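Working notes, structure below.
The values are calculated or read from the model by the stated rules, or taken from the named source; none is laboratory data. Computed from a predicted structure; not experimentally measured. Please note: Cβ atoms are built from the backbone with ideal geometry, for glycine as well, and neighbour counts cover all protein chains shown.
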Amino acid sequence: MTTYVLDASALLRYLDQEPGSDRVRELLDSYANAQIKIVISAVQWGEIACKLFQCYDRARYEYMMSGLYGLGLLIEPASPERAVRAAIIKATTKIAYADAFCVELALDSPQDTVVTADFGFSPAAHLVNIEFLPTK
C-alpha cells in the first residue's frame, strides 16, 4: 500500500484552503477509503498544533484539533532512534530538524512520498520521493 508522509504545511494548506488543499483532500479521501496510508510525525503534529494555537482563539483551536484527530491519521512518535536518524538527516541535508522527521519517516519504504508545501525540503529530494504542493 502506498504511504504518504504529511508535512505540517500540507495539513495547514488543507485547513486554510490554500493552493494544494485539493490534493491533500484527495489524499485524505483515499485514506478514508483505505486506498492509501497516511502518516505524520508527532513533531509535525506539534507544529500544526502550535500554528493553530497561535492563529485562533482557544475554542476554535480545540475545534480544529478535534477535527484533525477525527481524521484518524497515524501519528508516529518521535522515538530516540528516530530523533537520532532525523538529526543525521538534518546534519547532512541542512533541512529543518522538524522536517527531517518527515524525511526519516519516508525512508521506511522506497515507495513512501513526503507531501509538503515547503520547498525547504528540496535538499532532501535525493533521499526520498517528495511531492511539492503549489506555491501560494
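Before moving on, here are some points about what is shown:
- Comparison of 41, 66 shows that the only residue that is in contact with a strand residue (DSSP E or B) (Cβ under 7 Å, 6 or more places away or on another chain), at pLDDT 95 or above and of a type in the set (Ser, Thr, Tyr) is 41.
- In the range 1-51, the residues that are small (Gly, Ala, Ser), in contact with a helix residue (DSSP H, G or I) (Cβ under 7 Å, 6 or more places away or on another chain) and within 17 Å of residue 136 (Cβ to Cβ): 8, 10, 20, 21
- Scanning the range 24-45 for residues that are touching a residue at least 24 places away in the same chain (Cβ under 8 Å), surrounded by 15 or more Cβ atoms within 10 Å (Cβ to Cβ) and out of contact with any Leu (no Cβ under 6 Å at 6 or more places or on another chain) yields 24, 27, 28, 31, 36, 37, 43, 44, 45.
- Residue 79 of a type in the set (Ser, Thr, Tyr), over 20 Å from residue 22 (Cα atoms) and free of Cβ contacts under 8 Å to residues at least 12 places away in the same chain: yes
- The single condition among (1) over 14 Å from the mean Cα position of the chain (by Cα); (2) closer than 21 Å to residue 28 by Cβ; (3) assigned to a helix (DSSP H, G or I) that residue 108 does not satisfy is (3).
- In the range 102-121, the residue that is surrounded by the most Cβ atoms within 10 Å (Cβ to Cβ) out of those that are closer than 16 Å to residue 8 by Cα and hydroxyl-bearing (Ser, Thr, Tyr) is 116.
- Consider the range 65-101 and keep the residues that are farther than 29 Å from residue 30 by Cβ and basic (Lys, Arg). The one that is surrounded by the most Cβ atoms within 10 Å (Cβ to Cβ) is 90.
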